[in-house]
Amino acid sequence: MTTITGTPSEGVTTRIARLQARTPLERYGYLFMRLSGVALIVLAIGHMMIQHVLNDVHSLTLEFVRQQWTSWGWRTYDLFLLIFAISHGFNGLRVVLEDYIHNPRTVRFVRWFLLIFTIITIVWSAVAIATFDASIG
Amino acid sequence: MSKIPVSSARDYTVELRVRRFNPEKDSAPWWGEYTLEGVSPNDTVLDLLHRVKWTMDGTLSLRRSCAHGVCGSDNMKINGANALACKMLVARLANGKNPVSIQVEPMAGLPVLKDLIVDMEPFFEHYRSVLPYFINDEPPPADGRERLQSPEDREKFDDTTKCILCAACTTSCPSFWADDRYVGPAAIVQAHRFIYDSRDQGYEERLSIMAEQFGVWKCRTIFNCTNACPRDIEVTKAIAEVKMSITTGKV
Ligand code: SF4
Ligand code: FES
């Protein structure tokens, strides 16, 4: 077995320098998952309560949504739910996939693919929420 | 943990299944099956393996040294969970049954060299990568004696000083199985032991190693490591403390 010396070997030292220079994606990713997780507990439970407990699922019609979205407060609520749920979910998927995909090029592809997919989904749905015409009835 | 009934009677029969593999002869691993009569409930799995090796099949290969849970060299998968063979009693596995079925395999996630012996080098490579030694370039105190530390400061890393590097945690970790570039719980425990030592000055370097892509963030808080540790170290908690220090910058 290799003996452990009192000072870091050159390999370890260069490795540290390399690591310090790297952007701490995983670190911010981890923090993001914790914070968005807390936000989602509030937002998703609130959403569940309103849609499934306080109201009967059968009364969840377009008219119900239209009435809710006459208020910009609810639109903002749904927008936040959308942003956090999609980004939290897709970042989670990225993390799981990267556990099993080891080829750096495939990893890069997966990252970009999920990022673009996430942005498109959020923008597209946000446009729908923002431009919904609540005056039709 | 439940109380084990103590008895000195040698009235147990053990159906022992051992995962065997000799790279020079076998194309694939196979199960060696051994029936052992007259086993005491106080016998350990290591005793059983010794009996097979010494009286039935001398080619059975395994690592062990102290036989008393101190050196950490005989961690293996016993009935599906990592444990030190020298600490695992037949009585604990019997669960009131006689005959007892016991299955022994090499620990997962490291290449098998022969029978129960795995290549520990990837494990120790991760261990060395966290600078697991005291770093302090300041001259020792003027009286030439020890660098003092308060009992409170000592307490911060007390748990992680207990590690014997048996690899039970790392080889029970699904994140490590999925990607062996992950530094693994044992190496994080070792880093923790020095990061929170008030006399040590290498914490910045170690935290930056811990913060890399294959450092603490690969931990998914599965808790297998905490369950597996024969020294009852709260491994997942130690990892969480390191994550917290990286996030807040506080040690
Ligand atoms: S933390 Fe526990 S399980 Fe992991 S190597 Fe150390 S003693 Fe073994
Ligand atoms: S032989 Fe030393 S710990 Fe089991």
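The values are calculated or read from the model by the stated rules, or taken from the named source; none is laboratory data. Worth saying up front: this structure is predicted, and the values here are computed from it rather than measured. Here Cβ is always computed from backbone atoms with ideal geometry, including for glycine, and neighbour counts include all displayed protein chains. Ligands, DNA and RNA are excluded from the accessible area calculation, which covers all protein heavy atoms including side chains. Shrake-Rupley method; radii C 1.70, N 1.55, O 1.52, S 1.80 Å.
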Checklist outcome for this item: Of the candidates B:Val100, B:Pro230, B:Leu116, the farthest towards the positive dipole end of chain B (Lys/Arg Cβ +1, Asp/Glu Cβ -1, centred on the Cα centre) is B:Val100
Item to check | Surface share of carbon and sulfur [accessible, 1.4 angstrom probe, percent] for chain B | outcome: 51 percent
Checklist outcome for this item: If each K or R counts +1 and each D or E counts -1, the residues other than B:Trp54 whose Cβ falls under 13 Å of its Cβ total +1
Checklist outcome for this item: Dividing the surface of the Cα convex hull of the protein assembly as shown by four yields a projected area in nm² of 28.7 nm²
Checklist entry - If you check each cysteine of chain B for another cysteine whose beta-carbon is under 4.7 Å away, which ones come up empty? => result B:Cys86, B:Cys163, B:Cys166, B:Cys173, B:Cys219, B:Cys229
Checklist outcome for this item: For region B:120-248, averaging the sequence separation of alpha carbon pairs under 8 Å that lie six or more residues apart and dividing by its residue count, the contact order in percent is 31 percent
Checklist entry - Within a Cβ distance under 14 Å of A:Phe117, other residues only, what is the Lys/Arg minus Asp/Glu net charge? => result +2
Checklist entry - In chain B, which longest range has no trypsin sites (Lys or Arg not before Pro) that are both DSSP loop (not H, G, I, E or B) and surrounded by at most 11 other Cβ atoms within 10 Å? => result B:146-249
Item to check | For A:90-103, mean number of other protein chain Cβ atoms within 10 Å | outcome: 2
Item to check | Charge dipole magnitude, Cβ of K and R +1, D and E -1 - the protein assembly as shown, Cα centre, debye nearest 20 | outcome: 300 debye
Checklist entry - How large is the helix-only mean residue ellipticity at 222 nm for the protein assembly as shown, computed as the sum of -39500 (n - 2.57) over DSSP H runs with n ≥ 4, divided by its residue count, in deg cm²/dmol to the nearest 500? => result -13500 deg cm²/dmol
Checklist entry - For chain B, which span is the longest to avoid every loop-located (per DSSP) member of GluC sites (Glu not before Pro) having at most 10 other Cβ atoms inside 10 Å? => result B:25-145
Item to check | Interface size B-A, as summed buried accessible area [1.4 Å probe, Å², nearest 100] | outcome: 2200 Å²
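If you take each beta carbon of peptide B:206-216 and count the beta carbons of other chains within 10 angstrom, what is the mean?
So the per-residue partner count for this stretch is 4.
Taking all protein chains in place and a 1.4 Å probe, what share, in percent, of the accessible surface of region A:33-123 do carbon and sulfur account for?
Percent of accessible area from carbon and sulfur atoms in region A:33-123: 76.
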Next on the checklist: At a threshold of 8 angstrom on Cα-Cα distance, excluding pairs fewer than six apart, so keeping six or more, what relative contact order does chain B reach in percent?
Outcome noted: 17 percent
Checklist outcome for this item: Over region B:186-251, with neighbouring protein chains present, the accessible area per residue in Å² at probe 1.4 Å is 39 Å²
Item to check | Taking region B:6-117 and dividing mean pair separation by its residue count, relative contact order in percent (alpha carbons under 8 Å, at least six apart) | outcome: 34 percent
Checklist outcome for this item: In a Gaussian network model of chain B with springs linking alpha carbons closer than 10 Å, the residue among B:Thr59, B:Thr221, B:Thr171 that fluctuates most is B:Thr59
Checklist entry - Total Lys pairs in chain B closer than 19 Å by alpha-carbon, pairs eight or more apart in sequence or interchain only? => result 17
